[in-house]
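For reference, the structure discussed in these notes is given below.
Since every read-out is calculated from the coordinates, none of them should be taken as a lab result. What you are looking at is a predicted structure, and each value in this text was computed from that prediction instead of being measured. Methodologically, a virtual Cβ is constructed for each residue, glycine included, from the backbone with ideal geometry; neighbour enumeration extends over all protein chains shown.
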Amino acid sequence: MDFRKMTRKFLMNEWKDSPSIRSYFNTVKSILDSVKGRTQQERLRISEAKHHLKEMRKLVYKLEEKIQLLEEQVKVLEEGKGKKITNE
């Protein structure tokens, strides 16, 4: 363990993990759920914002799946490259 590095991160307030995109979605959704529109137009805009948030969440999940797939492919390629080097 590198205690100096850990101490520096703690003092620089870098030890906290950054919030995930899912936590941001949940926070925005809870804020939108708590807002009550006074007029019909405001209620429609809040409803539209909730719909857009839902669509953004779907897109982010698809992107996360693609990233995971690409990371796995890179890992396989790196393993294959390592085997080629040792075989030569």
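For region 3-63, the Cβ-based charge dipole about the Cα centre amounts to some 200 debye (Lys, Arg positive; Asp, Glu negative; other atoms uncharged).
Summing Lys and Arg as +1 and Asp and Glu as -1 over all other residues whose Cβ lies under 12 Å from the Cβ of residue 61 gives a net charge of +3.
Across region 3-63, Cα-Cα pairs more than 14 Å apart make up 67 percent of the total.
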